[in-house]
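Let me begin by presenting the structure, written as structure tokens, before commenting on it.
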Amino acid sequence: MTTTPDIALPAELRPQDGRFGSGPSKVDAAALDALAATGTSYMGTSHRQSGVRNVVRDIRHGLRDLYELPSDWDVLFGVGGATAVWDALAFGFILRKSQHLVFGEFSGKFAAAIRKAPHLEDPEVLESEPGSHPRPQASAEIDVYAFTHNETSTGVMMPLHRPAPTGLVAVDATSAAGAVRVRVPEFDFYYFSPQKAFGADGGLWMALASPVAVDRIELIAASGRHIPAFLSLKLALDNSRKDQTYNTPALATLFIVRHQIAKMLDAGGLRWAERRCRTSSSILYDWAETTDYAAPFVTDEAKRSTTVVTIDLDDAVSADNVVAVLRANDILDISGYRKLGRNQLRIACFPNIEPADVEVLTQAIDYVVAHLSE
Ligand SMILES: *Cc1c(COP(=O)(O)O)cnc(C)c1O
């Protein structure tokens, strides 16, 4: 075991809030205060009664407002996070064959889950090196195109364009939803967990579903295909329309999601969130480009994520050491994605993160690196 070098950051190099993790991500302390203030009226009450159902209803309406959803779209909820959605899509959304753009850990896991589904054909997997993303290829055989809006493991963001008039577009938007503006005609099913860009807690998934997506869900549910109830999009749809989930959700997560959506709507919605994330991420990319020991991992500027920034460090500077020293100074969770295996920092720039804190973080990293090499 190596020990963490003993380097104390001066007070002016400490961000107000040291949470820069890409998920779970920084939760607004005001949301936790508001939750605590509910005392005996919310936590520990039935999710089938109005107290909790009103929260679910507010989230549905809030997401509609945030995304300016057409009135014939649905907002679905379920338990289990985006990982559960991959299996739910395998059972209840893909008819025969899907196409997957794989460019990192999360997109890769979804494709792997589909490969193992015995009732589906082998998926078409288009892969690119980490740090880039593949382009979809229109094909009459494909009934679902699987995109990942932001590959959280590598910090690559892809544009969303419907590749073909047929074939539904399902987008894993887990670290983009709530932070990036989109055009809803470009997809049919936009799903995400709330513990990333939405700055809430995990265990839940939400999805924006087009009428065509709802038709697909109904069609497969009526086809007689075996679908485990927990993974049934049809049961999720029916329950969501009643402001419920099929099984018991985490009430605290719902509360924080509602708080976050209300806060974002007040501040100016997705336009506000996107601008803020751009400001924060630009601070980091600009810093990396002008720092001799650092460089943005994603070389193509157009593919650089505005929500999860990945920065390679020079071999002479150990990212593990930098991360450990910062952790000892209460700056948390900025190590690169383990499986990527690079000498890298990964820093979240979600809407809850203060751009001023990101600025201080760059100075803190410079300070630590200067003292590590002494
Ligand atoms: C974190 C993440 C997931 C997994 O989310 P869980 O809530 O842990 O299931 C899936 N996709 C992306 C893009 C993610 O960032």
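Could you list all residues from segment 13-36 that are among the charged types (D, E, K, R) and free of Cβ contacts under 8 Å to residues at least 24 places away in the same chain?
Once the filter is applied, which keeps residues that are among the charged types (D, E, K, R) and free of Cβ contacts under 8 Å to residues at least 24 places away in the same chain, segment 13-36 yields only ASP33.
Working carefully through the options VAL368, VAL358, find the one that is in a helix (DSSP H, G or I), in contact with a Cys (Cβ under 9 Å, 6 or more places away or on another chain) and not small (Gly, Ala, Ser).
The unique qualifying residue is VAL358.
Being open to solvent by less than 10 Å² (accessible area, probe 1.4 Å), hydrophobic (A, V, I, L, M, F, W, C), farther than 22 Å from ASP72 by Cα and away from the ligand (no atom under 16 Å from the Cβ) is the requirement here; does ILE142 meet it?
Yes, satisfied.
Run down PHE106, PHE91 and say which single residue is on the phi < 0 side of the Ramachandran plot, in contact with a strand residue (DSSP E or B) (Cβ under 7 Å, 6 or more places away or on another chain), part of a helix (DSSP H, G or I) and hydrophobic (A, V, I, L, M, F, W, C).
On inspection, the qualifying residue turns out to be PHE106.
Of SER41, SER22, which residue is within 16 Å of the ligand (Cβ to nearest atom), modelled with pLDDT of 95 or more and either crowded, with 17+ Cβ neighbours inside 10 Å or not acidic (Asp, Glu) (or both)?
After ruling out the rest, the residue left standing is SER22.
Can GLY203 be described as surrounded by fewer than 19 Cβ atoms within 10 Å (Cβ to Cβ), on the phi > 0 side of the Ramachandran plot, modelled with pLDDT of 95 or more and out of contact with any strand residue (DSSP E or B) (no Cβ under 6 Å at 6 or more places or on another chain)?
Working: surrounded by fewer than 19 Cβ atoms within 10 Å (Cβ to Cβ): yes; on the phi > 0 side of the Ramachandran plot: yes; modelled with pLDDT of 95 or more: yes; out of contact with any strand residue (DSSP E or B) (no Cβ under 6 Å at 6 or more places or on another chain): yes.
Here the answer is yes, as GLY203 does meet what is asked.
Identify all residues within segment 128-164 that are assigned to a loop (DSSP other than H, G, I, E, B) and of a type in the set (Asp, Glu); write none if there are none.
Initial filter on segment 128-164 (assigned to a loop (DSSP other than H, G, I, E, B)): 128-143, 149, 152-155, 158-164.
Within segment 128-164, GLU129, GLU141, ASP143 qualify.
Considering only segment 25-72, state which residues are in contact with a strand residue (DSSP E or B) (Cβ under 6 Å, 6 or more places away or on another chain) and within 27 Å of PRO228 (Cβ to Cβ).
ARG60, LEU63 - these are the residues of segment 25-72 that are in contact with a strand residue (DSSP E or B) (Cβ under 6 Å, 6 or more places away or on another chain) and within 27 Å of PRO228 (Cβ to Cβ).
Only residues that are within 14 Å of the ligand (Cβ to nearest atom) and open to solvent by 10 Å² or more (accessible area, probe 1.4 Å): list them for segment 159-171, please. Don't jump to the end; show me each part of the working.
Taking segment 159-171 and keeping what is within 14 Å of the ligand (Cβ to nearest atom), we get 160, 170-171.
LEU160, the sole residue that qualifies.
I'd like the residue in segment 185-206 that is part of a loop (DSSP other than H, G, I, E, B) and within 18 Å of ASP72 (Cβ to Cβ) and, out of all such residues, is nearest to the ligand (Cβ to nearest atom).
Looking at the filtered set, the residue picked out is PHE187.
Would you please list the contacts, defined by Cβ atoms under 9 Å and residues six or more apart or on different chains, that run from a residue in segment 187-209 that is under 15 Å from LEU270 (Cβ atoms) and of a type in the set (Ser, Thr, Tyr) to a residue that is more than 11 Å from the ligand (Cβ to nearest atom) and open to solvent by 10 Å² or more (accessible area, probe 1.4 Å)?
TYR190/TYR67; TYR190/LEU160; TYR190/VAL182; TYR190/VAL184
Quick one: in segment 94-129, of everything that is surrounded by fewer than 23 Cβ atoms within 10 Å (Cβ to Cβ) and either modelled with pLDDT under 95 or aromatic (Phe, Trp, Tyr) (or both), which residue is nearest to the ligand (Cβ to nearest atom)?
PHE106
Looking at (1) crowded, with 24+ Cβ neighbours inside 10 Å; (2) within 14 Å of the ligand (Cβ to nearest atom); (3) more than 22 Å from GLY108 (Cβ to Cβ), which is the only condition GLY155 fails?
That leaves (3) as the condition not met.
Which residue out of ASP266, ASP238, ASP243 is of a type in the set (Asp, Glu) and over 28 Å from PRO24 (Cα atoms)?
ASP238
What pairs come up if the first residue lies in segment 234-245 and is free of Cβ contacts under 8 Å to residues at least 40 places away in the same chain, the second is among the aliphatic types (A, V, I, L, M) and surrounded by fewer than 19 Cβ atoms within 10 Å (Cβ to Cβ), and their beta carbons are under 8 Å apart, counting only those six or more places apart or on different chains?
Qualifying pairs under 8 Å: LEU235/ALA229.
Within segment 173-181, is there a residue that is part of a strand (DSSP E or B), open to solvent by 10 Å² or more (accessible area, probe 1.4 Å), closer than 29 Å to SER25 by Cα and touching a residue at least 12 places away in the same chain (Cβ under 8 Å)?
no
I'm checking my understanding of the structure. Among residues of segment 332-355 that are open to solvent by 70 Å² or more (accessible area, probe 1.4 Å) and touching a residue at least 12 places away in the same chain (Cβ under 8 Å), which one is nearest to the chain's Cα centre (by Cα)?
Only one residue tops the list, namely ASP333.
The values are calculated or read from the model by the stated rules, or taken from the named source; none is laboratory data. Here the structure is a predicted model, which means the values were calculated and not measured. Cβ coordinates were reconstructed from backbone atoms using ideal geometry, including for glycine residues, and neighbour counts include every protein chain displayed. Areas reflect the complete protein model, heavy atoms only, side chains present, ligands, DNA and RNA absent. Shrake-Rupley method; radii C 1.70, N 1.55, O 1.52, S 1.80 Å.
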